[in-house]
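I have placed the structure first, in the form of structure tokens, so that the comments after it can refer back to it.
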């Protein structure tokens, strides 16, 4: 037997189900209606609710995709920064490598401070580690929302559909009891969906917070690499420039007959592969000014 509350709910559902029936059925009395049309309208009512149920599930998936896509878009920006940073390293090497061809002083300066420059492969590995670490959280940041999606999907399979089948099995179709059973099942479904949606939206807000946090961590990680690279590149180029400038100033001072701080008479001797074995070198004293009182030999 059904309670008065269930009967009222069923009568309200009848207003939706049979609205078209009242205009087209053969009427025997003020309360009679064609049985076949009621069956059709009840089935349509079920199909419409199934459609709404599936639409709700798809809506959940779309909202979760916005979060995961947002993570990918943020990481693409960091990938672009990586490309530009590696390009900056490459351009620096392209500037200093030709200096070695200018002669021993330039070669000495470049080799002396080349190690200050970062290795592009190491930088690439470090930055991609920052990015991949954030990408690994793609599933976990929506885990709470995804849980309620799975709850709703399972409810559809394990509760909603079996309960509708039970209505058809235990009640003749068409009948008042069948319609009451169907409307009761759908009313319960709607209550469950409402509660589930509230929990899903809460999980979705948590996902957006996690998204922002993960992007901040990844950006801070890549910024550390960016700052280190720019600092190293700046230091290396400055040291090479200062080294060459000191050599040129020493040469100018020597030509003017003055002595600058340190020994201005620098002789560069190339030692291939740093091999510690006897070698014949040119006399470093040849060509010195008669007033020179020192000679500095630098091995390159």
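Things worth noting here:
- Flag if residue 89 is in contact (Cβ under 8 Å) with a residue 12 or more places away in the chain, farther than 30 Å from residue 216 by Cβ and part of a helix (DSSP H, G or I): no
- Scanning region 92-115 for residues that are touching a residue at least 24 places away in the same chain (Cβ under 8 Å) and under 36 Å from the mean Cα position of the chain (by Cα) yields 92, 93, 95, 96, 114.
- Region 73-86, subset within 16 Å of the chain's Cα centre (by Cα) and in contact (Cβ under 8 Å) with a residue 60 or more places away in the chain, residue nearest to residue 117 (Cα to Cα): 82
- Taking each residue of region 169-184 that is under 16 Å from residue 159 (Cα atoms) and looking for partners that are assigned to a loop (DSSP other than H, G, I, E, B) and modelled with pLDDT under 85 with beta-carbon atoms closer than 7 Å, six or more apart or interchain, yields 181/171.
The values are calculated or read from the model by the stated rules, or taken from the named source; none is laboratory data. Just so you know, these numbers come straight off a predicted model, no measurement behind them. In this analysis, Cβ positions are derived from the backbone assuming ideal geometry, glycine residues included, and neighbour counts consider all displayed protein chains.
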